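Single-structure report; data block below.
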Amino acid sequence: MDTEFSQEDLEFQKEVQDFIEENLPKGGDMWSGRSNWFQALKEKGGWDVPKWPVEFGGPGFTPTQRYIFDLEMANHNTPMVLPFGISMLAPILMNYGSKEQQERFLPGIRDHSVNWCQGYSEPGAGSDLASLTTKAVLSEDAKDYIVNGQKTWTTLAQMAQWMFCLTRTSSDGPKQEGITFLLFKMDTPGVEVKPIVTLGGSQTVNDVYLTDVKVPVENRVGEEGKGWTYAKGLLTHERTGLAGIMNSVLALESAKENARSVKVADGTLMDVPAFKNKVGELEVELMALEFTELRTLASVSAGGSPGQESSILKLKGTEIQQRISQLNLEASGIFAAPWGRVNPGPRFSRGAMNGYLSGRANTIYGGASEVQKDVISKNVLEL
Amino acid sequence: MDLSLSEEQTLFQNSVQKFIADNYDLSTRRTLCASDEGFSRENWKQFAELGWLAIPFSEEDGGFGGSPADTMILMEEFGKGLVVEPYLATVVMVGTALARAGTPEQKAEILGGIIEGNILATFAYAEEQAHHELHNVVTSAGKDGDVYLINGTKSIVLNAQSADKILVSTRTNGNDRDTDGITLFLVDGDAEGISRQDYPTVDGLRASEVTFKDVRVSPENILGEPDHGYEMVEKISDHAILALSAEAVGAMEVLYTDTIAYTKQREQFGHPLSDFQVLKHRMTEMFMEHSLSKSLCMKATMLECQGSDEAKRAIHALKVLIGKSSRFVSQNAVQLHGGMGMTEELAIAHYFKRLAIIDSQFGNVDHHLTKFVDI
Ligand SMILES: Cc1cc2nc3c(=O)[nH]c(=O)nc-3n(C[C@H](O)[C@H](O)[C@H](O)COP(=O)(O)OP(=O)(O)OC[C@H]3O[C@@H](n4cnc5c(N)ncnc54)[C@H](O)[C@@H]3O)c2cc1C
């Protein structure tokens, strides 16, 4: 057992740090500097697509390098990338898409010129995703699928130019069969996006109504009826990414910072035992979770599969995220309440309430916690 | 021992339930929240006509001689209906303080108006540096000849925008955190030198930052004894906690029963969600939390009605339990509704937010737990 990074890994870490130091847009430049940043990452040798394999222009990181890379990026608060194209769809295209599809779609995903949204969930198909009913019927000339149905909870559909979508092409046999993976443009006639207002008042999720939407057959990924298999692989991708452990470590640090800025009696909130203990408990659990991620990494580095521990990353990670958001809310005290354009009290209080509200979704999307536990008890514990 | 409601109380409860059933569906509430003052003057008038604004006051004061138990009954129903009218601020906070410590003139002028529904009032006590500590008061009232000049800023003053009278805690002596040297003043809402920053709160209510700049008040406007206002501040807080807790109990009841109803009709994997054991257990726990909260709410309220020495400790306990239970029940109500729980369209979201704010009012779980274990 050895918990130290190797000399090469340490050198790599230094290289990443230096790169960030040199290229990360500073302060106010964050938004306008985005494209330069991504360009620099790309020129560095595929660092803009750290998870992509070499043959698709990725950097070919070892698992440990990937970990170090993610760690440093999170640590330095580098610009975020929406996951839909780059992390969710791209791996599917690489594994199951045709050469033409790869050439057609991957460049736009890579340079962020095309936004994608994920059209899986439906009103009747949430946890039980395989029961989806949005119908795709092949036209008589076999050139197009005609799609009818409704998708829901589609994140950022209002900003997306394309959707990757699960549709039903057959109802015979088990429900997992007969699902087909289609790609279509959001401005295709018959696609209608309606925002859903969520708990924090934000409008990031949408209902998407599909009425006689014509999707050319060449936009089908892989074989008809095999979409479930393709999507399932992607869901696993989605789940490990959702653990966000490094982000939680940083979020906890900033929660502590917030608490230290709140005066209580003669000290600060961090001097109040009841509060401090909660922070402590979270730190303990995060420490354990971080090392669990490392164990996963070690087993992948050794050429194995991620190991059974990896299944708990998302479950525990999202729970921790929610508890951190609660700390911020408590630190806001009475200033949790204001919700207008004004922000009296500590500056972090507005974000605290927002984080508390929107964070409730973390244990719902990407596999609700109860269902995740079912999956683990079945697949890992064989119960 | 008889813990059941009297016949009168049952009638009263029924009338509140009927009012809410008739007037308070979610879309009506939405309209009220978005209106100018954030509530309905029309409803307020009805409250007066129904006698609800007179409940806690003695017959001498023009009230019905009710007790915190009656307030509990009302607030629990208000919690179920997510009522937005300023009952807590006007009747529970300022009204009961006046009833306790008001001079005959103050009572005649203000309490009478409150009971008739003509005067709205609020209590300005919170300050930014205080976190949840009620005796941490910096806003000052300095003597200037015969009058006092109030200076300072009070935060999250409920419904200040609509308040004809503001009861404000000030420091007239001692250091920032002393319990002695606090004086309560009754000030006109539109007195010269008062400025406000009004805003909606996340739970659909209204509040303001209220700044006092050389606001002149005469000694007749002191409520109670100068320098000895803290006892009254605590009393107001106790009564507010009892009322808020009853409201939370009502809100939790809706959350767990709505969740049961939803999981019975929502099917996944070929079964209603309510068939899955883990969800059955979760809902059982939600029910347990609600029941325990209700018990402690009743206990603390009864002790307060009896004027018992144990009331204080029970009220700390109550606020602790309400905070913890509310969190459990509201978070799981969202969780078990899945994506639907995250939408503003369902009532769940609105109860969730209200409960989050109740925890932040008059001291949160940690604050009261710390006090509780020290008594
Ligand atoms: C903010 C947000 C963004 C989203 N973005 C997208 C997106 O971009 N694209 C997309 O396709 N989808 C998206 N989703 C949808 C998300 O994947 C679903 O909400 C999720 O799969 C849960 O489905 P549901 O909401 O229908 O809940 P349900 O499946 O109805 O579940 C409700 C509750 O029942 C529990 N439950 C269900 N089945 C069982 C069981 N067998 N045993 C025990 N408990 C069970 C669940 O754990 C949950 O607590 C998003 C959701 C949210 C909240």
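Scanning the range A:7-60 for residues that are among the hydroxyl-bearing types (Ser, Thr, Tyr) and either touching a residue at least 40 places away in the same chain (Cβ under 8 Å) or surrounded by 12 or more Cβ atoms within 10 Å (Cβ to Cβ) (or both) returns a single hit, A:Ser35.
Under 15 Å from B:Ala251 (Cβ atoms), in contact (Cβ under 8 Å) with a residue 40 or more places away in the chain and either in a helix (DSSP H, G or I) or outside the structural domain of B:Glu253 (by TED's automatic domain parsing) (or both): is that true of B:Leu355 in this structure?
Taking the combined requirement at face value, the residue satisfies it.
If only residues of the range B:116-148 that are within 11 Å of chain A (Cβ to nearest Cβ) and among the charged types (D, E, K, R) are counted, the one that is least open to solvent (accessible area, probe 1.4 Å) is B:Glu127. For the range A:357-369, check the following and say yes or no: at least one residue is in contact with an Asp or Glu (Cβ under 6 Å, 6 or more places away or on another chain), in contact (Cβ under 8 Å) with a residue 40 or more places away in the chain and not aliphatic (A, V, I, L, M). Yes; the residues of the range A:357-369 include at least one that is in contact with an Asp or Glu (Cβ under 6 Å, 6 or more places away or on another chain), in contact (Cβ under 8 Å) with a residue 40 or more places away in the chain and not aliphatic (A, V, I, L, M). Of all the residues in the range A:171-215, those that are open to solvent by less than 40 Å² (accessible area, probe 1.4 Å) and either assigned to a loop (DSSP other than H, G, I, E, B) or more than 14 Å from chain B (Cβ to nearest Cβ) (or both) number 16. Do you know which residues across the range A:148-175 are in contact with a Ser or Thr (Cβ under 8 Å, 6 or more places away or on another chain) and away from the ligand (no atom under 15 Å from the Cβ)? Once the filter is applied, which keeps residues that are in contact with a Ser or Thr (Cβ under 8 Å, 6 or more places away or on another chain) and away from the ligand (no atom under 15 Å from the Cβ), the range A:148-175 yields A:Asn148, A:Thr169.
Residues in the range A:143-153 that are within 11 Å of another protein chain (Cβ to nearest Cβ) and either among the β-branched types (Val, Ile, Thr) or surrounded by fewer than 21 Cβ atoms within 10 Å (Cβ to Cβ) (or both): 1 in all.
Picking from residues in the range A:329-366 that are in a helix (DSSP H, G or I) and basic (Lys, Arg), the one that is farthest from the other protein chains (Cβ to nearest Cβ) is A:Arg350.
Within the range B:85-115, being within 14 Å of another protein chain (Cβ to nearest Cβ) and open to solvent by 10 Å² or more (accessible area, probe 1.4 Å) holds for one residue alone: B:Leu88. B:Ala349 falls short on exactly one of the conditions (1) within 16 Å of the ligand (Cβ to nearest atom); (2) open to solvent by 10 Å² or more (accessible area, probe 1.4 Å), and that condition is (2). The C-beta contact set for the range A:136-153 (first residue outside the structural domain of A:Val205 (by TED's automatic domain parsing), second residue more than 16 Å from the ligand (Cβ to nearest atom) and in a strand (DSSP E or B), distance under 7 angstrom, 6+ apart or interchain) is empty. Within the option set B:Arg100, B:Arg41, being free of Cβ contacts under 8 Å to residues at least 40 places away in the same chain and either within 30 Å of B:Val254 (Cα to Cα) or of a type outside the set (Asp, Glu) (or both) holds for one residue only, B:Arg41.
B:Leu82 fulfils the conditions (1) on the phi > 0 side of the Ramachandran plot; (2) within 13 Å of chain A (Cβ to nearest Cβ); (3) hydrophobic (A, V, I, L, M, F, W, C) except for a single criterion, (2).
Residue under question is B:Gln277, and the condition is that it be open to solvent by 70 Å² or more (accessible area, probe 1.4 Å), within 24 Å of B:Ile375 (Cα to Cα) and of a type outside the set (D, E, K, R); does it hold? Against the criterion (open to solvent by 70 Å² or more (accessible area, probe 1.4 Å), within 24 Å of B:Ile375 (Cα to Cα) and of a type outside the set (D, E, K, R)), B:Gln277 does not qualify.
Within the range B:315-325, being crowded, with 20+ Cβ neighbours inside 10 Å and either away from every other protein chain (no Cβ under 14 Å) or outside any helix (DSSP H, G or I) (or both) holds for B:Ile315, B:Leu318, B:Leu321, B:Ile322, B:Ser325.
Is it the case that some residue within the range A:300-316 is open to solvent by 50 Å² or more (accessible area, probe 1.4 Å), aliphatic (A, V, I, L, M), assigned by TED's automatic domain parsing to the domain that holds A:Lys373 and at pLDDT 85 or above? So far as the range A:300-316 goes, yes, one or more of its residues are open to solvent by 50 Å² or more (accessible area, probe 1.4 Å), aliphatic (A, V, I, L, M), assigned by TED's automatic domain parsing to the domain that holds A:Lys373 and at pLDDT 85 or above.
B:Leu303 meets each of the listed conditions (1) over 20 Å from B:Phe352 (Cβ atoms); (2) within 16 Å of the ligand (Cβ to nearest atom); (3) surrounded by 17 or more Cβ atoms within 10 Å (Cβ to Cβ) apart from (2).
Against the conditions (1) open to solvent by 60 Å² or more (accessible area, probe 1.4 Å); (2) over 24 Å from the mean Cα position of the chain (by Cα), B:Gly181 satisfies every one except (1). Taking the range A:258-299 as the search range and keeping residues that are within 11 Å of chain B (Cβ to nearest Cβ) and among the polar types (S, T, N, Q), which one is most open to solvent (accessible area, probe 1.4 Å)? Checking each candidate, the answer is A:Asn277. Taking the criterion of being surrounded by 24 or more Cβ atoms within 10 Å (Cβ to Cβ) and more than 8 Å from the ligand (Cβ to nearest atom), the residues of the range B:326-340 that qualify are B:Ser326, B:Val329, B:Ser330, B:Ala333, B:Val334.
Among residues belonging to the range A:62-80 that are in a loop (DSSP other than H, G, I, E, B) and in contact (Cβ under 8 Å) with a residue 40 or more places away in the chain, point out the one that is farthest from A:Gln7 (Cα to Cα). By that ranking, first place goes to A:Pro79.
It is to be established whether one or more residues within the range B:250-269 are basic (Lys, Arg), outside any helix (DSSP H, G or I), farther than 28 Å from B:Ala89 by Cβ and within 16 Å of the ligand (Cβ to nearest atom).
yes
Just one of the numbered conditions (1) more than 16 Å from B:Ala97 (Cα to Cα); (2) surrounded by 21 or more Cβ atoms within 10 Å (Cβ to Cβ) is not true of B:Ile236: (1). Filtering the range A:367-383 to residues that are assigned to a helix (DSSP H, G or I), near the ligand (Cβ under 8 Å from one of its atoms) and hydrophobic (A, V, I, L, M, F, W, C) leaves only A:Val371. Can you confirm whether A:Leu381 is crowded, with 22+ Cβ neighbours inside 10 Å, more than 7 Å from every other protein chain (Cβ to nearest Cβ) and under 20 Å from A:Lys316 (Cα atoms)? For A:Leu381, the condition - crowded, with 22+ Cβ neighbours inside 10 Å, more than 7 Å from every other protein chain (Cβ to nearest Cβ) and under 20 Å from A:Lys316 (Cα atoms) - is not met.
Condition check ((1) away from chain B (no Cβ under 14 Å); (2) within 16 Å of the ligand (Cβ to nearest atom); (3) not in a loop (DSSP other than H, G, I, E, B)) across all residues:
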position: A:Gln102; (1), (2), (3): yes, no, yes
position: A:Leu106; (1), (2), (3): yes, no, yes
position: A:Gln118; (1), (2), (3): no, yes, yes
position: A:Thr133; (1), (2), (3): no, yes, no
position: A:Asp141; (1), (2), (3): yes, no, no
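Take the range B:245-293 and flag every residue that is within 11 Å of chain A (Cβ to nearest Cβ) and acidic (Asp, Glu).
Initial filter on the range B:245-293 (within 11 Å of chain A (Cβ to nearest Cβ)): B:266-271, B:273, B:276-279, B:281-282.
The one that is within 11 Å of chain A (Cβ to nearest Cβ) and acidic (Asp, Glu): B:Glu267.
The values are calculated or read from the model by the stated rules, or taken from the named source; none is laboratory data. These numbers come from a predicted model, not from an experiment. In this analysis, Cβ positions are derived from the backbone assuming ideal geometry, glycine residues included, and neighbour counts consider all displayed protein chains. Ligands, DNA and RNA are excluded from the accessible area calculation, which covers all protein heavy atoms including side chains. Shrake-Rupley method; radii C 1.70, N 1.55, O 1.52, S 1.80 Å.
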